[in-house]
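Engineer: Would you mind keeping the following structure in view while I ask a few things?
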Amino acid sequence: MSKAGSTVATADPPTPAVSRLPRRRGIELALIVLAVLLSVYGYCAVGLARHGTLPPGAAGYGAGLGVLALLAHLAVRLRAPYADPLLLPIGVLLNGLGLVLIYRLDLETPGDRAAPAQLVWSTLGVALFILVVLLLRDHRVLQRYTYVCVVAALVLLTLPILFPAVNGARIWIRIAGFSIQPGEFAKVLLVVFFAAYLAANRNALAYTGRRVWKLQLPTGRVLGPIVAVWLVSVGVLILERDLGTSLLFFGLFVVLLYVATGRTGWIAVGLLLAALGAVAVGRLEPHVHSRIETWLHPFASIEAGEGANQLAQSLFAFAEGGLLGAGLGLGHSYLIGFAVKSDFILATAGEELGLAGIGAVFLLYGLLVERGFRAGLAQREPFGRLLAVGLASLVALQVFVIAGGVTGLIPLTGMAMPFLAQGGSSVVTNWAIVALLVRVSDSARRGCDGQDAR
Amino acid sequence: MTRHIRHAGYFCVLLLVALLLNAARVQVVQAPSYDRNPGNRRPDITRYEQPRGDILVGGRRVTGSRDTREHLRYERTYTDGPLYAPVTGFASQLYGTTLLESTEDGVLSGADPMLAPFPLWNDFTRARNAGGDVVTTLHPAAQEAAFKGLAGRKGAVAALEPSTGRILALVSAPSYDPQPLSGNGSAAARAWARLNADKDRPMLNRAVRQTYPPGSTFKVVTAAAALDTGVVTDLEAPTDSPDPYRLPGTRTRLTNASKGCADASLREAFTLSCNTVFAKLGVEVGVPDMTATAYALGFGNGGLRIPFPVARSTFDTTLDKAQLALSSIGQYNTRATPLQMAMVAAAVANGGQVRDPYLVERTTRPGGGTLAAAGSRAVRQAMYPSTAVRLRAMMRDVVENGGGRNAAIRGAKVGGKTGTAQHGLGNSGTPYAWFVSWAQGDRDLAARVAVAVVVEDAEARRGDISGGGDAAPIARAVMRAVLKSP
């Protein structure tokens, strides 16, 4: 506890172990076993549907996933025994389901297999999870690296500008055959930075200036940071043509700013800036403009005789799924073509598992986010609270932006569905997020006397 | 801060609810319209994902499926494409389906809910049944005989089993191979363009979709009406008809191709195919009774399905006497499909009873179990049985002593009627050669086959065209093929 920074003066005093909370590690183990079994079942269902036999690698696949999950579980049991028992199983289940879907789509593209690489990346992700849980004994250590985090994040964000654009977006770097999206790692670093920065400066930011109607606008002096973040977001958007990521950063910052200061004025300012940026970019950037046109008229290309575009194909896939889905391995979501395993992975889930399936997936994400918020609520010190809320919001916003995009709710922006989508950087990052949430929830519940926190 | 975290949490709940509602909108509310969107290829992919059921002729499959390993996986193949094209039609991934491929598509493609093991089962499991088979009534030897007989000359043959209405042969020439149309590549598009540009119109099913003036073969109908109404009571009695015959109310004089028609008896007039006698008889019968007999035999019926639709054969009901006279010898507005004329011959052979023709014996499940069988068809008594007996005798006279000698078969009773139909402006077109007939083996209880043959034969010189010369040998070959089989 003494490692805590100056802002953590309210850290809990050590409490005697009189009425400690139950650790619930057994529940976690049972849920992990369930998650692994569900994934293996999905894997087998694909094989049965496609070839009428169990896929040859079913046992190995199940064993691999099981061992990974068990190692992660052991790490939690060892170093974060009070952690929320739902976080890890949700991560395992989503990752397992993602692997099943990617394996299933690989059957349609025999020349381009993504599942083995994704399995390797998942292993790396779990390894990172274990490392974080083992080595990061207290999340407050991260507060020391506030500015290291932001510099690293900005470097990671700007790095891909030096590399050639891939499919209209400069978000990849290619090294030795591997594509890495540094922006994914930058997300976690930025959350850490936001949390630390806001935890340190929340009082100053909470000063209010003029009052317009019911909104208390912040004073001009503290507008600096939000404008800076806005500029970075717009910069990301223009330089990398990555609408989703810039939306995500900005939304995240506004949410954290509101949570930290409790001033609705920040939301007003945020929305204003976002609207300004959106209108300007929508007008100026043809890339973004066409996305909005496609969103408004997804079937215009069909009527023009040019065939269905990706969004239309995605909508067709969801529609084909209906309530209960076509069954794993029995859909035709490969018609979406490019990015079917990454950005559009949810369409495969929607077609083959139906509304029931993606409803379940959404609820899993919802549960993950909810556990994150709970961890934040249970925390006593602001950095931990903001970190947990920030990470949970990151997942929530990301899911909303991409899932809303592929289902036609909002304009489509390229972004990885957490855990499900193909993409190594994304999987590794998501495991890091879960690891940090495990760490925060462990520290929250460890320090509890069992009365005011759940 | 706790309160604001909760607010942020509510915001996330809002996002979640929005996602769920929108997913329900796309997957449930909008799903039917998305499924029907022309840009959605799923219906096609599902349809061609499995081999199509087959069409069977005489216990043998005349269709097949080829696995192309493309997105639209299975393509239709045909073992004897041109021979059976007027029955099977084509099943194209680009141009849809026709004829049996179209009317039996539900069974063949597996979409028919009757193929499911239980009602609503497939709606729940989303399984698609394997395609069922369609067993036709065709007689392969008769079909081949008709196809060979036409030998590519423009024309058509329809053959029926008179007692049931089963269609034994249905040939249209020139024919085409439907297989090149099956796929979805540029080859299919080229074949489609070529077939549609062909001035001989090979994709026209002349046996059921084309009507011709029936000419003298229509005299069977006129004779039936005359006997039924009592205009003629004695076949051997003179009919008191002049030669030439002046069409009532006009100065036009109708003549005959053969001599001996003046005042001929009905039997003689039928054998000699006297236009004058039948024109006069038609006028004496009158429009209502002529119409009644023609309609009872199937004329005027636009709704006949075998199961694909048959063009309406026409007998005009708003006629003055001169028009009636011409209509009664199968000219003016009288037009018939070859199938219709086969029905006329079948009615005579079957004691005056008409049964609607049909082509599908039964449909079967993939395992062979019967899905649906052709029940017995409704019967219409188109003429008195006594009339039918007398017409049978007259038609046998044609084959034994008249213009139908080319249709005679040893060891069988054969009745027929020739026809040479004028058409075109001022009868300038190459006439159509007709022959309608029926045959009953000496040991058979009832007539086994009734045939109608029409040969357009634009190639031949005008004088050579006659029902007895061009069409009768084809009819004979078809009837022999049927009689030879046990």
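Engineer: Which of the residues belonging to segment B:334-368 are assigned to a loop (DSSP other than H, G, I, E, B) and within 12 Å of the chain's Cα centre (by Cα)? Even if it seems obvious, please write down each step before you answer.
Structural biologist: Of the residues in segment B:334-368, the ones assigned to a loop (DSSP other than H, G, I, E, B) are B:334, B:337, B:350-352, B:356-357, B:359, B:365-368.
Scanning segment B:334-368 gives B:337, B:356, B:357, B:359.
Engineer: Considering each residue of segment A:300-315, count those that are in contact with a Ser or Thr (Cβ under 9 Å, 6 or more places away or on another chain), farther than 13 Å from residue A:405 by Cβ and within 7 Å of chain B (Cβ to nearest Cβ), and give that number.
Structural biologist: 3
Engineer: Could you run through segment B:197-227 and say how many residues are in contact with a Lys or Arg (Cβ under 7 Å, 6 or more places away or on another chain), in a helix (DSSP H, G or I) and either under 15 Å from residue B:157 (Cβ atoms) or not hydrophobic (A, V, I, L, M, F, W, C) (or both)?
Structural biologist: Narrowing segment B:197-227 to residues in contact with a Lys or Arg (Cβ under 7 Å, 6 or more places away or on another chain): B:200, B:211-213, B:216-217, B:219-220, B:227.
Now narrow it down to the ones that are in a helix (DSSP H, G or I): B:216-217, B:219-220, B:227.
With either under 15 Å from residue B:157 (Cβ atoms) or not hydrophobic (A, V, I, L, M, F, W, C) (or both) added as a condition, the list becomes B:216-217, B:219.
Here the count works out to 3.
Engineer: Checking residue A:370 against (1) surrounded by fewer than 23 Cβ atoms within 10 Å (Cβ to Cβ); (2) more than 8 Å from chain B (Cβ to nearest Cβ), which single condition isn't satisfied?
Structural biologist: Of everything listed in (1) surrounded by fewer than 23 Cβ atoms within 10 Å (Cβ to Cβ); (2) more than 8 Å from chain B (Cβ to nearest Cβ), residue A:370 misses just condition (2).
Engineer: Can residue A:404 be described as closer than 18 Å to residue A:317 by Cβ and over 12 Å from the mean Cα position of the chain (by Cα)?
Structural biologist: Numbers: closer than 18 Å to residue A:317 by Cβ: yes; over 12 Å from the mean Cα position of the chain (by Cα): yes.
When the stated conditions are applied, residue A:404 passes them.
Engineer: Of the residues B:412, B:421, B:393, only one is closer than 22 Å to residue B:275 by Cβ, hydrophobic (A, V, I, L, M, F, W, C) and over 25 Å from the mean Cα position of the chain (by Cα); which?
Structural biologist: Numbers: B:412 fails: closer than 22 Å to residue B:275 by Cβ; B:421 fails: over 25 Å from the mean Cα position of the chain (by Cα).
After ruling out the rest, the residue left standing is B:393.
Engineer: Name the residue that is farthest from the other protein chains (Cβ to nearest Cβ), counting only residues in segment A:373-399 that are assigned to a helix (DSSP H, G or I) and basic (Lys, Arg).
Structural biologist: As a first pass, look at segment A:373-399 and keep what is assigned to a helix (DSSP H, G or I): A:373-378, A:382-399.
Checking the rest, the ones that are also basic (Lys, Arg) come to A:374, A:385.
Details: A:374: 9, A:385: 6 Å.
Going through the qualifying residues, I end up with A:374.
Engineer: Can you find a residue that is farther than 30 Å from residue B:3 by Cβ and touching a helix residue (DSSP H, G or I) at 6+ places or on another chain (Cβ under 7 Å) anywhere in segment A:398-407? First the steps, then the outcome.
Structural biologist: Here is the first cut: in segment A:398-407, the residues farther than 30 Å from residue B:3 by Cβ are A:405-407.
Still in the running and touching a helix residue (DSSP H, G or I) at 6+ places or on another chain (Cβ under 7 Å): A:406-407.
Yes, that holds for at least one residue.
Engineer: Against the condition at the interface with chain B (Cβ under 9 Å from one of its Cβ atoms), crowded, with 24+ Cβ neighbours inside 10 Å and assigned to a helix (DSSP H, G or I), how does residue A:402 come out, does it pass?
Structural biologist: On the way: at the interface with chain B (Cβ under 9 Å from one of its Cβ atoms): no; crowded, with 24+ Cβ neighbours inside 10 Å: yes; assigned to a helix (DSSP H, G or I): yes.
When the stated conditions are applied, residue A:402 does not pass them.
Engineer: From A:363, A:330, which residue is at the interface with another protein chain (Cβ under 10 Å from one of its Cβ atoms) and without any contact (Cβ under 8 Å) to a residue 24 or more places away in the chain?
Structural biologist: Values: A:330 fails: without any contact (Cβ under 8 Å) to a residue 24 or more places away in the chain.
None of the other options fit; the residue is A:363.
Engineer: Restricting attention to segment A:336-354, report how many residues are surrounded by fewer than 23 Cβ atoms within 10 Å (Cβ to Cβ) and facing another protein chain (nearest Cβ under 9 Å). So that I can check it myself, show each step before the final result.
Structural biologist: Let us first name the residues in segment A:336-354 that are surrounded by fewer than 23 Cβ atoms within 10 Å (Cβ to Cβ), namely A:337-339, A:342.
From what's left, facing another protein chain (nearest Cβ under 9 Å): none.
Adding up the residues that qualify gives 0.
Engineer: Now a separate question. Mind checking which residues of segment A:295-308 are crowded, with 19+ Cβ neighbours inside 10 Å and either without any contact (Cβ under 8 Å) to a residue 60 or more places away in the chain or assigned to a helix (DSSP H, G or I) (or both)? First the steps, then the outcome.
Structural biologist: Step one: list which residues in segment A:295-308 are crowded, with 19+ Cβ neighbours inside 10 Å, which gives A:298-299, A:308.
A:299, A:308 - these are the residues of segment A:295-308 that are crowded, with 19+ Cβ neighbours inside 10 Å and either without any contact (Cβ under 8 Å) to a residue 60 or more places away in the chain or assigned to a helix (DSSP H, G or I) (or both).
Engineer: Would you check which residues across segment A:405-415 are part of a loop (DSSP other than H, G, I, E, B) and more than 14 Å from residue A:246 (Cα to Cα) and list them? Step through it out loud before you land on a result.
Structural biologist: Applying the first criterion (part of a loop (DSSP other than H, G, I, E, B)) to segment A:405-415 yields A:407-415.
Scanning segment A:405-415 gives A:407, A:408, A:409, A:410.
Engineer: Check residue A:357 against each of (1) free of Cβ contacts under 8 Å to residues at least 12 places away in the same chain; (2) within 17 Å of residue A:95 (Cα to Cα) and name the one condition it does not meet.
Structural biologist: So residue A:357 meets the others, but not (1).
Engineer: Tell me which residues, restricted to segment B:270-327, are assigned to a helix (DSSP H, G or I), farther than 24 Å from residue B:242 by Cβ and free of Cβ contacts under 8 Å to residues at least 24 places away in the same chain.
Structural biologist: As a first pass, look at segment B:270-327 and keep what is assigned to a helix (DSSP H, G or I): B:270-272, B:275-285, B:287-296, B:321-327.
Right, trim to farther than 24 Å from residue B:242 by Cβ and you get B:288, B:291-296.
Within segment B:270-327, B:288, B:295 qualify.
Engineer: Just checking, does segment A:382-399 include any residue being surrounded by fewer than 24 Cβ atoms within 10 Å (Cβ to Cβ) and closer than 23 Å to residue A:119 by Cα?
Structural biologist: Yes, there is a match, as at least one residue in segment A:382-399 is surrounded by fewer than 24 Cβ atoms within 10 Å (Cβ to Cβ) and closer than 23 Å to residue A:119 by Cα.
Engineer: Tell me, which helices (runs of 4 or more DSSP H) lie completely within segment A:18-117 with 1 or more residues that are loosely packed, with under 15 Cβ neighbours inside 10 Å and touching a helix residue (DSSP H, G or I) at 6+ places or on another chain (Cβ under 9 Å)?
Structural biologist: Details: elements: A:25-51, A:58-79, A:87-106.
Result: A:25-51, A:58-79.
Here is a yes/no grid of residues against (1) more than 23 Å from residue A:331 (Cβ to Cβ); (2) of a type in the set (D, E, K, R); (3) out of contact with any helix residue (DSSP H, G or I) (no Cβ under 8 Å at 6 or more places or on another chain):
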{"position": "B:9", "(1), (2), (3)": "yes, no, no"}
{"position": "B:13", "(1), (2), (3)": "yes, no, no"}
{"position": "B:34", "(1), (2), (3)": "no, no, no"}
{"position": "B:42", "(1), (2), (3)": "no, yes, no"}
{"position": "B:55", "(1), (2), (3)": "yes, no, no"}
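Engineer: Exactly one condition in (1) out of contact with any strand residue (DSSP E or B) (no Cβ under 8 Å at 6 or more places or on another chain); (2) modelled with pLDDT under 95 is false for residue A:414; which is it?
Structural biologist: (1)
Engineer: Looking at segment A:417-433, which of the residues that are closer than 16 Å to residue A:128 by Cβ and part of a loop (DSSP other than H, G, I, E, B) is farthest from the other protein chains (Cβ to nearest Cβ)? Break it down stepwise before answering.
Structural biologist: From segment A:417-433, those closer than 16 Å to residue A:128 by Cβ are A:418-419, A:423-433; that's our starting set.
Cutting the leftovers down to part of a loop (DSSP other than H, G, I, E, B) gives us A:418-419, A:423.
Working: A:418: 13, A:419: 16, A:423: 21 Å.
By that ranking, first place goes to A:423.
Engineer: Filter segment B:92-123 down to the residues that are among the acidic types (Asp, Glu), touching a strand residue (DSSP E or B) at 6+ places or on another chain (Cβ under 8 Å) and not in a loop (DSSP other than H, G, I, E, B) and list them by number.
Structural biologist: B:101, B:105 - these are the residues of segment B:92-123 that are among the acidic types (Asp, Glu), touching a strand residue (DSSP E or B) at 6+ places or on another chain (Cβ under 8 Å) and not in a loop (DSSP other than H, G, I, E, B).
Engineer: Going residue by residue through segment A:273-285, is there one that turns out to be closer than 26 Å to residue B:35 by Cβ and in a helix (DSSP H, G or I)? Let's see the steps before the verdict.
Structural biologist: Going residue by residue through segment A:273-285, those that are closer than 26 Å to residue B:35 by Cβ are none.
No, there is no match, as no residue in segment A:273-285 is closer than 26 Å to residue B:35 by Cβ and in a helix (DSSP H, G or I).
Engineer: Let me ask something additional. In this structure, does residue A:325 turn out to be assigned to a helix (DSSP H, G or I), within 10 Å of chain B (Cβ to nearest Cβ) and crowded, with 20+ Cβ neighbours inside 10 Å?
Structural biologist: Details: assigned to a helix (DSSP H, G or I): no; within 10 Å of chain B (Cβ to nearest Cβ): yes; crowded, with 20+ Cβ neighbours inside 10 Å: yes.
No, not satisfied.
The values are calculated or read from the model by the stated rules, or taken from the named source; none is laboratory data. None of these values were measured; they are calculated from a predicted model. Here the Cβ is made from the backbone with ideal geometry for all residues, glycine too, and neighbour counts use every protein chain on show.
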